[in-house]
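The values are calculated or read from the model by the stated rules, or taken from the named source; none is laboratory data. This is a predicted model, so every value here is computed, not measured. Backbone-built Cβ (ideal geometry, glycine too); neighbour counts: all protein chains shown.
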Amino acid sequence: MGKPRLSTIAFLLYCLSAAANAASEAPRPRGVGPEFAKFYKDGDSFTCISNPTVKLDISRLNDDYCDCPDGSDEPGTSACSYLSPLSPPQPSELGKGQFNETPALPGYYCKNKGHLPSYVPFTAVNDGICDYELCCDGSDEYDGVGGIKCEDRCAKIGKEWRKQDEARLKSLGAANKRRRELVTEAARLKKEVEDRIQTLHTQIQGADIKVQALEKNLEDIERQEKGRVIKGAGKGGKLTVLMTLAKERIAELVESLTRVRGERDEARNRVKELEEILKKFKEEYNPNFNDEGVKRAVKAWEDYAAQERPGPDGAHDRDLEEILKPDSENGINWEEYEEGEQSDVDVLYKFEEYLPEPLRNWVDQKLRDLRIMLIENGILADPHDTNSPESKAVADARQQLNTARSELDTDRNELQRHQEDLDKDYGPEGVFRALKGQCVEQDSGEYTYEFCWMDKTTQKSKKGGGHTGMGNFARIEKIVVDEDLPPDGKGLGSGERYVLQFENGQHCWNGPNRSTQVILACAEKDEIWKIVEEEKCVYRMEVGSPAVCEGKMNGVKQVSPAHNEL
Ligand code: MAN
């Protein structure tokens with residue numbers, strides 16, 4: 001017989017272990033498994049399992065002739081093996097009469113004492129070959145066809161199997177432990193993102209308020225600046241602005257000086273009056289009247305009067321007089337400097353109008369070019385731009401606002417990135433988050449292949465040259481696989497598997513953009529097991545990782561020793 005698929009073996013083992021507890025202790029006819037014992041209890045007759053209307057005498061059981069349409073009367077021979085099923089029926093589906101030409105039994109039951117019980121296909125019964133893989137006790141060759149004798153190897157095979165099973169369980173234990181660590185790490189990273197989002201919300205609120213305040217600040221400063229120019233200069237160039245400011249400043253100074261001179265004159269008069277009073281007091285006081293306070297006051301006055309003081313400076317006063325005369329008497333004629341509605345810049349613009357016609361066009365063009373060059377280089381103010389050139393105060397305020405705005409934008413972008421990240425699918429319990437960005441490599445043929453979690457797949461030529469992008473991470477999918485599991489366990493096995501789909505890699509000449517399907521299966525550590533280019537530039541990677549271990553190794557359920565017929 002051909003080698004049975006390991007997935008089929010797994011199924012058969014599963015059937016057995018599930019039903020073993022209910023196993024009957026009574027002796028069963030040859031080839032009957034414990035879960036089917038109930039159909040063979042009657043010592044006189046036998047009723048076909050799936051065809052209860054067909055009742056046979058007990059002597060027709062295992063008589064090497066197929067009587068029941070479902071083959072259930074020949075559990076221990078190959079007489080009904082022509083009914084070979086595509087897949088064995090589930091025990092729960094048996095005895096319900098829905099099978100016609102479909103066998104009721106999964107195969108010939110080998111007790112395999114010392115190892116795991118198993119079913120061997122009916123075709124293998126007495127075919128002259130020892131099927132030790134399924135039937136280690138050799139009971140499938142009980143007739144000794146062609147002189148064959150299959151010794152019972154279950155003790156040896158069972159021992160080896162238990163050793164391997166122990167190693168598998170140990171490896172599974174380590175893989176599950178690693179998976180738990182990854183899940184914890186993934187949760188921690190997710191929490192970090194959530195906390196950052198929280199912080200960013202607060203930060204953005206603050207930054208928003210700051211931007212609003214700085215916008216208002218800039219507006220105020222701009223208004224102040226405009227006001228100053230209008231108040232100082234009205235329309236016109238810098239010279240006019242300066243002149244107007246100077247005129248105002250002089251007027252303010254003249255006014256203040258006049259006021260101070262008046263206050264000085266008044267103070268002088270008061271001092272004079274007080275000196276007169278004290279002079280008179282000294283002349284008229286009675287020295288015989290022994291009043292200490294009066295005496296001290298008179299002495300103080302005498303000391304004060306004895307000090308030499310310069311009298312008012314007439315020349316100084318005359319200077320003041322001159323300064324305070326109206327501007328026109330001081331030789332300043334402001335009107336002389338006024339530009340009317342024209343700024344100094346405007347004067348330059350209109351310069352060519354003063355030239356004779358033939359020269360004007362030429363000069364006009366040259367001046368136009370010059371003017372543009374000066375404006376573009378910031379040397380000349382743009383006559384259409386009343387805000388230019390900008391004052392330092394406005395420039396500083398604008399700079400502060402721009403900085404605050406760009407900080408706010410940065411925070412908003414980061415927030416958006418984190419929020420999108422939180423919504424992203426990171427696999428079961430978000431475990432792939434813990435592996436994001438981590439890469440594994442594997443040599444295969446002329447390339448080294450790289451797989452980076454949630455990021456990309458790459459093909460690197462061993463002969464040098466550039467790397468080829470085999471796709472960027474797009475999404476997580478699930479597929480059902482049913483494959484032989486190699487003895488080292490590094491394979492997909494059977495069951496539902498997570499798939500990381502990578503798309504839009506480097507374009508393939510005369511083909512599609514490269515893409516990779518990464519199929520994940522449980523393993524103790526991250527490892528690329530196999531890379532196949534299924535079609536041109538469409539790759540498939542089989543990758544082992546503890547991240548996808550969910551209590552079992554690649555679909556093979558562990559059969560507990562308690563369930564074995566040891
Ligand atoms: C390169 C590799 C191959 C691919 C071809 C297509 O050689 O990426 O995997 O098949 O390009 O031209």
Flag if Arg540 is within 16 Å of the ligand (Cβ to nearest atom), modelled with pLDDT of 95 or more and assigned by TED's automatic domain parsing to the domain that holds Val440: yes
In the list Asp64, Asp57, Asp73, which residue meets the criterion of being of a type in the set (D, E, K, R), at pLDDT 95 or above and at positive phi? Asp64
Failed item in (1) away from the ligand (no atom under 15 Å from the Cβ); (2) hydrophobic (A, V, I, L, M, F, W, C); (3) in contact (Cβ under 8 Å) with a residue 24 or more places away in the chain; (4) farther than 22 Å from Gly173 by Cα, with Phe502 passing the rest: (1)
Residue check, Met454 buried (at least 18 other Cβ atoms within 10 Å of the Cβ), within 13 Å of the ligand (Cβ to nearest atom) and of a type in the set (A, V, I, L, M, F, W, C): no
Can you tell me which residue among Glu527, Glu496, Glu446 is surrounded by fewer than 16 Cβ atoms within 10 Å (Cβ to Cβ) and within 12 Å of the ligand (Cβ to nearest atom)? Glu446
Let me confirm something: among Gly232, Gly236, which residue is modelled with pLDDT under 95 and in a loop (DSSP other than H, G, I, E, B)? Gly236
Contact list please: Cβ distance under 7 Å, first residue in region 135-148 and under 18 Å from Asn112 (Cβ atoms) and free of Cβ contacts under 8 Å to residues at least 40 places away in the same chain, second residue of a type in the set (A, V, I, L, M) and assigned to a loop (DSSP other than H, G, I, E, B), pairs at least six apart or on different chains. Asp140/Val125; Glu141/Ile148
Of all the helices (runs of 4 or more DSSP H) wholly in region 328-377, which have at least 3 residues that are in contact with a helix residue (DSSP H, G or I) (Cβ under 9 Å, 6 or more places away or on another chain) and at pLDDT below 75? 344-349, 357-376
Pick out the one residue from Leu500, Leu520 that is in a strand (DSSP E or B), under 21 Å from Val548 (Cβ atoms) and in contact with a Ser or Thr (Cβ under 7 Å, 6 or more places away or on another chain). Leu520
Test of understanding: among Tyr447, Tyr426, which residue is hydroxyl-bearing (Ser, Thr, Tyr) and under 17 Å from Gln501 (Cβ atoms)? Tyr426
